[in-house]
1. Based on alpha-carbon atoms only, what is the radius of gyration of the range 149-211 relative to the globular estimate 2.2 N^0.38 Å?
2. Using mean Cβ contacts within 10 Å as the protection proxy, how do 85-91, 154-160 order, highest first?
3. If you average 1/r over all unlike Cα pairs in the range 64-110 and invert the result, what Kirkwood radius do you get in angstrom?
4. To two decimal places, what compactness ratio does the chain give when its Cα radius of gyration is scaled by 2.2 N^0.38 Å?
5. For residue 43 and residue 92 in one chain, what is 0.36 nm times their gap in residues minus the Cα-Cα distance, to one decimal in nm?
6. Would you mind giving the three semi-axes, in whole Å and largest first, of the ellipsoid equivalent to the range 67-178 according to its Cα gyration tensor?
7. Which angle between 0 and 90 degrees, to the nearest 10, do you get for helix 194-203 versus the longest principal axis of the chain when only C-alpha atoms count?
8. Hey, with R₀ at 45 Å, roughly what FRET efficiency would residue 210 and residue 76 work out to, going by the Cβ-Cβ distance, to 0.05?
Ligand SMILES: [Zn+2]
């Protein structure tokens, strides 16, 4: 009987692992991230909800992004009259995303991209802890994150993004997450690379599909 349980348990683990692809090389680090998140923020994040992006930065947990240099200055692309700055790879992925959106007659203008710790300090002061991350903790420090204009919880733009953006490596990292300290943000999208975006989609599949259905029904 015990052997049978063991076998069933092993089969279960085997299938669970095959369900969503995992970055095994970062497994140990991901365990540590869970511990840090639990100790510092009292938030328990299941292991499959933590991804690592193409820069090696965590996705899905609160993190001090602003205190590590993930991007070299020569890797940064400045665009739209220097108003915005993104990692070159994120910028290329943004162009691809925008072309696809345009083919469906949808413009995707940006509101914010990169923010320094100093700029985040102002945002935090203005909007408070329910809406903004503390300076140093924002994903906008990463050169991979944008806030899009005119994306709201139930609109066509959010629906289009949910159905398409993952294919271009973008995830709505402040919408689907375990951490509930901040309000959900449908306009906030982070480029994490295709691998991490696939894992993110897989980990949040039920929630994403339910949201897509909900928006479709409301239209
Ligand atoms: Zn944002």
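1. It is 1.02.
2. Output ranking for 85-91, 154-160: 85-91, 154-160.
3. Final number for the Kirkwood radius of the range 64-110 is 12.1 Å.
4. Working: Rg = 18.3 Å, N = 219, 2.2 N^0.38 = 17.1 Å.
Computed over Cα atoms of the chain, the ratio equals 1.07.
5. That pair, residue 43 and residue 92, stretches by 14.2 nm at full extension.
6. 23, 18, 13
7. With both axes taken from Cα atoms, the answer is about 60 degrees.
8. My answer for the efficiency is 0.75.
Bear in mind that the values in this text are calculations on the coordinates, not laboratory data. From a predicted model like this one, the values you see are computed outputs, not experimental measurements. In this analysis, Cβ positions are derived from the backbone assuming ideal geometry, glycine residues included, and neighbour counts consider all displayed protein chains.
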